[in-house]
Amino acid sequence: MDNDIVLTPMMKQFLDLKAQHPDAVILFRCGDFYETYSTDAVISSEILG
């Protein structure tokens, strides 16, 4: 069984952007909503409640 992690294009884009801007909270627009991932989701939930 292959143990390599396969990333979706959106997650690859997120990781690339996060590497370029480590201090920024990255928001992705998904239709009418915005989503955050990883530690950005934790930070957002602490700020927004």
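A few points about this structure:
- Gain in span if fully extended, residue 48 to residue 8, counting 0.36 nm per residue against the direct Cα distance: 11.7 nm
- For the chain, the Kirkwood radius over C-alpha pairs fed into Stokes-Einstein at 4 °C and 1.567 mPa s yields D = 107 µm² per second.
- Note on residue 15 and residue 34: their simple-model spin labels are 2.4 nm apart, each label 7 Å out from Cα toward Cβ.
- Counting only DSSP H runs of at least 4 residues, each contributing -39500 (n - 2.57), and dividing by the residue count of the chain, the helix-based mean residue ellipticity at 222 nm comes to -14500 deg cm²/dmol.
Values in this text are rule-based calculations from the coordinates and carry no lab data. Computed from a predicted structure; not experimentally measured. For neighbour counting, all protein chains shown are included, and Cβ atoms are generated from backbone atoms with ideal geometry for every residue, glycine included.
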